[in-house]
Structure formats: C-alpha cells, structure tokens
Amino acid sequence: MDLFAKIKEVTELQAISGHEGPVRSYLRDKMTPLVDEVKTDGLGGIWGIRDNQETDAPTILVGAHMDEVGFMVSHIEANGTLRVVEIGGWNPLTISAQRFTLYTREGAHIPVISGAVPPHFLRGAGGQSLPSAGDIVFDAGFTDKEEAESFGVRPGDVIIPWSETILSANKRHIMGKSWDNRYGVLMVAELLEHLKGQDLPNRLVAGANVQEEVGLRGAKVSANLFDPELFFAVDCSPAGDVYGNQGKVGDGTLIRFYDPGHLMLPNMKDFLLTTAEEAGIKYQYYCAKGGTDAGAAHMQNKGIPSTTIGVCARYIHTHQTLYAMDDFLEAQAFLQAIVKKLDRSTVDTITTY
Ligand SMILES: [Zn+2]
C-alpha cells in the first residue's frame, strides 16, 4: 500500500471524541501482530506494548489521539431537522453546507447535510450575523420528528464529517478531513511496523488516546496507567503559512517549543535538536496557540517530561484540510530516531536537573 492509500484509509474513518471505535479497531488490527501485548485503558485508549527484558529499561509512552471534531444531536425538531452541540472546536463559518454521517445506536449510517441560509433570503435583510453551532440546521431529509425516530435517531447520536481524501495535482499534497489527528494514528502504526524485529533500548508503549479534542482527557488516564518516564504526543497543528506566521506546509516536522499549556524543557530541546541534526531531519520551529496531549500528560504522576512530534496542516478542524506527504515522512523518520535512542542513560540525561 503506498503512503497516499494508507492516508486515505485512516482519514476516511469516522470517529469523534468518546466514540473512537472505528479508529480503535483499525489500531488493534495494525498493532496486534507487531507488539507483545495490546491493552486498552479505562476510557478506551488503545496501546501496543513492546516489552523489554532489562529490568531498568525506561518506559516511553508515544501517543496519538483517535478522535476528530464533530457534532452530537441535542434534539430533534418537529419538522424532522436536527439541532446539535459541537464536539471539539469549530469555526462557525465552516459548519454550514457540508456533508456528515449520523451514527445511530443500532449502527445505521445516515447521511446528513448542514443547512445554510440562501443569499435570496439575505437581500435587504442587512446581512447575516455569525451563527453559533446550536443555531445551524442539520438535515437528514426526514419528513418529521416521528420519521427521524423511526430510523433510530435519538439525542446523543454522533454526527461526523464526511469528505473524500484526494491527492493534489502535483501529487505532493493531500486534501481531506481529520489529518488532526489521523496523522498521529498512522505515525504510531508505521513506527511499530518499522520497529518490528528490532531490539529497543526501552519498554515502548505506543498507541492513541481518546477525547483529546474536548480537553486532553484521555492523556491523563494513559499517563497514569503506564507511568512513563517520557511522553511523546504525536499530533497535527494548524499551519500558519496562509493565515498566521509559523508552520509552513512542506517545511518538515515541528519543534514545538511553546504552547499555552506546555513549555519544552531545555534538556528535551537539546535531545530533540541533537537527534534531528544527527538523523538529517528537516524541521521548523513552531510556537503554538492551542494545546496537545503533552499539556495534560506532563503534569501527571511525579511530572513526565513531554513534547509533541508534529506536522502542520492548513484549514484543520474542517472537512477540507491540506497537508504534505513529505512532512509525514520527516516526522516518521524523526520519531524512529528518537525511540531508538532512548536508552537508560539518555533518558536520565533528559530527566536529571
Ligand atoms: Zn484538533
């Protein structure tokens, strides 16, 4: 399978916070033949463990997150249309006139579109104010509430973006949904595949958290469960090359030295920069406005030095994101180099003050 086919497979899966089942199944299938044990945490995070016979081998946790942003049915109107609450952060301007899939409890997949006010109705009306997600109509074409219920639709059902993942004309970029964070999910699967049959100087736990998009919730659970000495979030950040400043698609993996919930510590920065230089990795500095699971994990237990191994993508948290396959390859080579280098003495260097 070529890289585009792998990316298409994982980004077209539909899974929002708390409802990560399809991505969990994907990872379970990929990881089971590659690790000594597959384990789930209490909220549904899934982890592949590469054991180590050395008693003082450090435990390293590498975690993506499985969830993407979407919606949940809050109630059904008498006319059969749906109203929603947002799951994860959305720009209200990108919600309307899109396609989604509603999943019922019985497992039916129902096509849904998000409504938009036609320009005809705006003429002379003084323009439209910015809608909030709760005001936007979601429409599955039901005649009335009773018909919606007869198809199994209930409050609490999830509504997940649908878009086809396609290649750009120059075959270097990809357009589609949920690179945040199927990027990380594919990174973990590819890392374990690459490490198959190779000895490691650590006990590696690699997998994916749940519920990142609603406040970094799963990362607290997995950090407690595995009590690693270091944690590496693997996540996708917004590119600033068309809006903003830092983060250019195609300029390589990110050295994410600052975000509002996490500071890269000096020992970690030294380790990352040295490793990137040694391995010839293309990297760029990145100062973030959002957060990743590193922000939650690093404050667990007795304190877990953490960072994020990232790439950037344009227009994230929408149906149509744009990103570079080359950036994925740089990040993957970087993560491989990092994991292979983390023996007892290297970890001690990072965690000693
Ligand atoms: Zn996100």
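The values are calculated or read from the model by the stated rules, or taken from the named source; none is laboratory data. Computed from a predicted model, the values in this text were never measured in an experiment. Here the Cβ is made from the backbone with ideal geometry for all residues, glycine too, and neighbour counts use every protein chain on show.
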(request) Select, from I87, I95, the only residue that is under 30 Å from M31 (Cβ atoms) and within 16 Å of the ligand (Cβ to nearest atom). (result) I87
(request) Determine which member of the set A337, A324, A333, A297 is within 15 Å of D235 (Cβ to Cβ), under 22 Å from the mean Cα position of the chain (by Cα) and among the hydrophobic types (A, V, I, L, M, F, W, C). (result) A297
(request) Write out, first by first residue and then by second, each pair whose Cβ atoms fall under 8 Å of each other, whose residues are 6+ apart or on separate chains, and whose first residue, in the stretch 40-51, is assigned by TED's automatic domain parsing to the domain that holds V214 and under 10 Å from G63 (Cα atoms) while the second is outside any strand (DSSP E or B) and among the acidic types (D, E). (result) W47/D41
(request) Filter the stretch 164-188 for residues that are aliphatic (A, V, I, L, M) and either within 23 Å of N209 (Cβ to Cβ) or touching a strand residue (DSSP E or B) at 6+ places or on another chain (Cβ under 7 Å) (or both) and give the result. (result) I166, L167, I174, M175, V185, L186, M187, V188
(request) Only one of these is within 13 Å of the ligand (Cβ to nearest atom) and of a type in the set (A, V, I, L, M): V188, V214, V249. Name it. (result) V214
(message) Take the residues in the stretch 76-99 that are free of Cβ contacts under 8 Å to residues at least 60 places away in the same chain and within 22 Å of P22 (Cα to Cα); name whichever of them is surrounded by the fewest Cβ atoms within 10 Å (Cβ to Cβ).
(response) V85
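Give the stretch 217-245 a look and list any residue that's within 24 Å of M268 (Cβ to Cβ) and either within 16 Å of the ligand (Cβ to nearest atom) or at pLDDT below 95 (or both), or say none.
From the stretch 217-245, those within 24 Å of M268 (Cβ to Cβ) are 217-240, 245; that's our starting set.
If the condition is that a residue be within 24 Å of M268 (Cβ to Cβ) and either within 16 Å of the ligand (Cβ to nearest atom) or at pLDDT below 95 (or both), then R217, G218, A219, A233, V234, D235, C236, S237, P238, A239, G240, N245 are the ones that fit.
So that you can scan it fast, the table gives a plain yes or no per residue for (1) outside any loop (DSSP other than H, G, I, E, B); (2) aromatic (F, W, Y); (3) more than 17 Å from the chain's Cα centre (by Cα):
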| residue | (1), (2), (3) |
| --- | --- |
| P201 | no, no, yes |
| E212 | no, no, no |
| P228 | no, no, yes |
| V234 | yes, no, no |
| N245 | no, no, yes |
| G250 | no, no, yes |
| L273 | yes, no, yes |
(message) For the stretch 289-318: of the residues being of a type in the set (V, I, T) and within 16 Å of the ligand (Cβ to nearest atom), which is surrounded by the most Cβ atoms within 10 Å (Cβ to Cβ)?
(response) V311
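From the list V35, V73, pick out the single residue that is of a type outside the set (F, W, Y), in contact (Cβ under 8 Å) with a residue 24 or more places away in the chain, in contact with a Gly (Cβ under 6 Å, 6 or more places away or on another chain) and surrounded by fewer than 23 Cβ atoms within 10 Å (Cβ to Cβ). Before the answer, list the steps.
Details: V73 fails: in contact with a Gly (Cβ under 6 Å, 6 or more places away or on another chain).
Just a single option satisfies the conditions, and that option is V35.
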(message) If I ask for residues that are part of a loop (DSSP other than H, G, I, E, B), within 20 Å of V185 (Cβ to Cβ) and of a type in the set (A, V, I, L, M), which ones from the stretch 289-341 would you list?
(response) I316
(message) Looking only at the stretch 111-120, how many residues end up being out of contact with any Asp or Glu (no Cβ under 7 Å at 6 or more places or on another chain), under 22 Å from F142 (Cβ atoms) and either in contact (Cβ under 8 Å) with a residue 40 or more places away in the chain or outside any loop (DSSP other than H, G, I, E, B) (or both)?
(response) 2
(message) Residues to consider are L43, L13, L61; find the one that is in contact with a strand residue (DSSP E or B) (Cβ under 8 Å, 6 or more places away or on another chain) and modelled with pLDDT of 95 or more.
(response) L61
(request) Please identify the pairs in which a residue from the stretch 175-190 that is under 12 Å from A313 (Cβ atoms) has its Cβ atom under 8 Å from the Cβ atom of a residue that is among the hydrophobic types (A, V, I, L, M, F, W, C) and modelled with pLDDT under 95, counting only partners at least 6 apart or on another chain. (result) none
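Residues being part of a strand (DSSP E or B), surrounded by 22 or more Cβ atoms within 10 Å (Cβ to Cβ) and in contact with a Leu (Cβ under 9 Å, 6 or more places away or on another chain): count how many of those fall in the stretch 51-67. Lay out the reasoning, then the answer.
The first filter runs over the stretch 51-67 and keeps only residues part of a strand (DSSP E or B), leaving 59-65.
Then drop every residue that is not surrounded by 22 or more Cβ atoms within 10 Å (Cβ to Cβ), which leaves 60-65.
When the remaining residues are screened for being in contact with a Leu (Cβ under 9 Å, 6 or more places away or on another chain), the result is 60-62, 64-65.
Counting residues in the stretch 51-67 that are part of a strand (DSSP E or B), surrounded by 22 or more Cβ atoms within 10 Å (Cβ to Cβ) and in contact with a Leu (Cβ under 9 Å, 6 or more places away or on another chain) gives 5.
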(message) Could you list, ordered by first residue, the pairs with Cβ atoms under 7 Å in which the first is in the stretch 136-148 and small (G, A, S) and the second is surrounded by fewer than 17 Cβ atoms within 10 Å (Cβ to Cβ), at least 6 apart or interchain?
(response) A140/P111
(request) Determine which member of the set T32, T55 is among the hydroxyl-bearing types (S, T, Y) and touching a strand residue (DSSP E or B) at 6+ places or on another chain (Cβ under 6 Å). (result) T32
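Tell me which residues, restricted to the stretch 169-185, are buried (at least 24 other Cβ atoms within 10 Å of the Cβ) and away from the ligand (no atom under 12 Å from the Cβ).
To start, the set of residues in the stretch 169-185 that are buried (at least 24 other Cβ atoms within 10 Å of the Cβ) comprises 177-185.
If the condition is that a residue be buried (at least 24 other Cβ atoms within 10 Å of the Cβ) and away from the ligand (no atom under 12 Å from the Cβ), then V185 is the only one that fits.
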